[in-house]
1. Quick one: Karplus J couplings for the range 34-49, per residue in order, coefficients 6.51, -1.76, 1.60, θ = phi - 60°, nearest Hz, x for Gly and Pro?
2. Quick check for the chain: number of Lys pairs with alpha-carbon distance under 24 Å, counting only pairs 8 or more apart or on different chains?
3. Give me 61, 171 ranked fewest to most by other Cβ atoms within 10 Å of their Cβ, as a rough exposure proxy.
4. Report the Stokes-Einstein translational diffusion coefficient (µm² s⁻¹, integer) for the range 119-237, Rh taken as the Kirkwood radius over Cα pairs, at 37 °C with viscosity 0.692 mPa s.
5. Determine which residues of the range 215-235 fall in the zone a paramagnetic label at residue 144 would reach in this model, i.e. backbone nitrogen under 16 Å from the point 7 Å along Cα→Cβ.
6. Determine how many Å³ per residue the convex hull of the Cα atoms of the range 142-198 encloses.
7. Would you mind ranking 64, 86 so that the residue whose beta carbon has the fewest other beta carbons within 10 Å leads the list?
8. Using all alpha carbons of the range 26-162, what is the percent of pairwise distances in each 10 Å bin, ordered from the shortest bin to the longest?
Amino acid sequence: MFTKSARYYDAIYAQKDYAAEAEKLRAFIGSHMHRPARTLLDVACGSGRHLAELQPWFELEGVDLNEELLELARARLANVRLHRGDMRSFELAQLFDVVTCLFSAIGYMTTRDDLHAAITAMARHVAPGGLLIVEPWWPPENWVVDGKPRALFIDGPDLKIARMSMSGREEDVSTIELHFLIGSPDAFVHFSEQHRFGLFTTEEHLAAFDAAGLEASHDPAGLMGRGAFIGRKPDPV
């Protein structure tokens, strides 16, 4: 995961349109919920960029495993409760109208057991009649390993970043090897990370939602083109 690059997360993803994605998310919630939504929990909230955009409309909380990302989120979201926890096992003893897991963070689940554990843990925090919305990683048929390096460059006045990447695959797990060269007034730094993402089909995701007691559907576009799964917890009989 972001073992070394967390402090540069916001700079690397500065061009991501969090505001537009938040508006699409609100539209999903409005069209799938049968009542108004007041509370929202973002799982794998990262540096809190989605939460910041959603703050005018919901009472918010966030969960993430990475303490450095949570520090960025705390600086951005002074009035939002943020928790450190693993999406497979976190327990807040609280229910929310909406639980989200965005930007393909669910992809870090590399086995079916992990996928089911994460969906079950998130569903456990959804109030009756509420929603779980998950943006998946790429399905197996859409993951292409072409052997070509890719590059991203950040050219700020006091921060220069060159990120080179190469994709790979190990059976049902996609891999991305990342090398960073960071330049700042203090120093030049080079480091590498490997990110591993489970490759799960639409049917496998829906099966995990079903096993967690949610009535789920799949939107092929989602917030950013990778699709979205929307699970609704039934109202009490």
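Every number in this text was worked out from the coordinates using simple rules, so none of it is lab data. Here the structure is a predicted model, which means the values were calculated and not measured. Reconstructed Cβ throughout: ideal geometry from the backbone, glycine too, with neighbour counts over all protein chains shown.
1. 9, 8, x, 9, 10, 10, 9, 10, 9, 8, 6, 6, x, 7, x, 5
2. Values: 4/16; 4/148; 4/160; 16/24; 16/148; 16/160; 24/233; 148/160.
Lysine pairs, 8 or more places apart or on different chains, close enough: 8.
3. By the 10 Å Cβ count, ascending, the order reads 171, 61.
4. Using the Kirkwood radius from Cα pairs, D works out to 193 µm²/s.
5. Residues 226 qualify, since their backbone N sits under 16 Å from the label point.
6. Working: hull volume 4.7 nm³, N = 57.
Convex hull of Cα atoms, per residue: 83 Å³.
7. On the way: 64 27, 86 15.
Ranked by crowding around the Cβ, least crowded first: 86, 64.
8. 11, 36, 33, 16, 4
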